[in-house]
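What follows is a short report on a single structure.
The values are calculated or read from the model by the stated rules, or taken from the named source; none is laboratory data. Given the structure is predicted, the values throughout are model-derived calculations rather than measurements. For neighbour counting, all protein chains shown are included, and Cβ atoms are generated from backbone atoms with ideal geometry for every residue, glycine included.
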Amino acid sequence: MPVDLQSRPTPVAEAASPAATTVSVVVPVCERYDDLVALYHAHSAVLRRLGQRAEWLVVLDGGFAAAARPLEPLIAAGEPLRLIFLPRWVGEATALMVGFAHARSDRLLVLPPYAQVVPEGLAAVLEGLEAGADVVVARRFPRCDAWVNRLQTRLFHRLVRWLTGVQLRDMGCGLKGLRRRVAQELVLYGDLHRFLPVLAYQRGFRVQEVDVPQHPANGRPRIYSPGVYLRRLLDLLTLVFLCRFTRKPLRFFGLLGMGLFATGFFLSLVLALQRLFFAMPLAERPLLILGVLLMVLGVQTGSIGFLGEIIVFTHSDKVSDYHIDRILE
C-alpha cells in the first residue's frame, strides 16, 4: 500500500557523473515496497539540503519490474536515477552486491524501499561517515511500533551480542551507510545482508550506530511464521561459523568430532568392562551399536576439519582476513 511521505517533487537535477557524485544511494526492491516516487523525492530533498550530489540505483529483483514504471518518467526528466533489473529472484544480499558494483561514489547509502525511518535521518548517517566510521547503522529510536516488534528486536540482538560480541541494537533497520572499500571486501549471499555490520566489524572496519526516529508508517505489528524465525536462527549460526571458524575449521569440527568420539568410546568401554568383569552379554545391546556409531561419526567429523584446514592453508595466500587502515611514511 503506498505511503505518503509528505514531500513535494523537487526540481529536476542534473545527471550525476562519476566526478560530481558525492554519495550513491542503493535501493534494493526485493520484497515489499511503498511509493518509490515519493520515497525518491523525500530523500532527494534531504540530500540536496545537505549539499550532496546523489546518484540513485534502484535494483529490482526478479518479479518486481512493475515497481520501476512510475520511476521511468523521472529518468526521462533527467533525474540522477538508474534502474537495474535482475532477470530472476536472487535475494536482497545479491541485489545489494549488484548495486555496490555499479555505484560511482566512495560513500554508499543503503535505503529500504519503504518508509522505515524519517528521511532526515540521512544527515546522521552521513555525519557518521564524515567522522571516520566505515559503516554506519541507523537505529530506530525513538520507536513508535508495537511492543511485540520491540521485544523481538531486543531478544534477537541480545542473542547476537552473546554469540558475536558486537554491540549493536538494531541491525533490522534498512538504512545504512558504508564506504566503497567495505563493499569491495565483503561478500554477501543468502540472507547475510542482515549481518553486514557484524561482518564488517569482524574484518576490522569501524562500525558506528546512530539514532534515527522511526517513521510513523512503520509502526504496524509484525508477526512472522515459525519458519522465518528458524531461518533467522540458522543465519545466525552461519554468521558465527563465518566469523569464528572460517580460518580455523578444525577447531569447530575437531571439537565436535572429539565430543562424539569420546561419548562413543565411553559407552563402548562401559559395555566392554561389563562383559569382561560381570559376564554380561553384548548381544541385543543397542548401546554397543550407538557407541561404535558415535566413534565413527567422531572420526569422520574430525576428518572434515582436517580437510578444511588443508583447504584454508592452500588458499591462504589468496584470501585476506584483514584490511590496512592507513600507512604513514
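When Leu233, Leu276, Leu239 are checked against the criterion of being loosely packed, with under 13 Cβ neighbours inside 10 Å and under 22 Å from the mean Cα position of the chain (by Cα), a single residue qualifies: Leu233. The set of residues from segment 277-325 being modelled with pLDDT under 65 and either hydroxyl-bearing (Ser, Thr, Tyr) or at positive phi (or both) comprises Ser316, Ser320, Tyr322. Candidates Leu267, Leu256, Leu282, Leu290: the one that is surrounded by fewer than 13 Cβ atoms within 10 Å (Cβ to Cβ) and not assigned by TED's automatic domain parsing to the domain that holds Val148 is Leu282.
Kindly check whether there is at least one residue in segment 228-245 that is in contact with a helix residue (DSSP H, G or I) (Cβ under 9 Å, 6 or more places away or on another chain), under 26 Å from Gly302 (Cβ atoms) and polar (S, T, N, Q). So far as segment 228-245 goes, yes, one or more of its residues are in contact with a helix residue (DSSP H, G or I) (Cβ under 9 Å, 6 or more places away or on another chain), under 26 Å from Gly302 (Cβ atoms) and polar (S, T, N, Q). Evaluated against (1) of a type outside the set (Ser, Thr, Tyr); (2) crowded, with 20+ Cβ neighbours inside 10 Å; (3) modelled with pLDDT under 90, Val137 falls short on exactly one condition, (3). Taking every residue in segment 58-78 that is not assigned by TED's automatic domain parsing to the domain that holds Met97 and pairing it with any residue that is surrounded by fewer than 18 Cβ atoms within 10 Å (Cβ to Cβ) and of a type in the set (Gly, Ala, Ser), at least 6 positions away or on another chain, yields no pair with a Cβ-Cβ distance below 8 Å. Arg48 falls short of the stated requirement of being surrounded by fewer than 17 Cβ atoms within 10 Å (Cβ to Cβ) and in a loop (DSSP other than H, G, I, E, B). Flag set for Leu155, criterion: of a type in the set (A, V, I, L, M, F, W, C) and surrounded by fewer than 20 Cβ atoms within 10 Å (Cβ to Cβ).
Counting only residues that are within 16 Å of Gly174 (Cα to Cα) and charged (D, E, K, R), segment 108-147 holds 5 of them. Out of everything in segment 98-128 that is of a type in the set (Gly, Ala, Ser) and in a loop (DSSP other than H, G, I, E, B), what residue ends up being farthest from Gly62 (Cα to Cα)? Ranking the qualifying residues of segment 98-128, first place goes to Ser105. Scanning segment 95-111 for residues that are out of contact with any helix residue (DSSP H, G or I) (no Cβ under 8 Å at 6 or more places or on another chain) and surrounded by 22 or more Cβ atoms within 10 Å (Cβ to Cβ) yields Ala95, Gly99.
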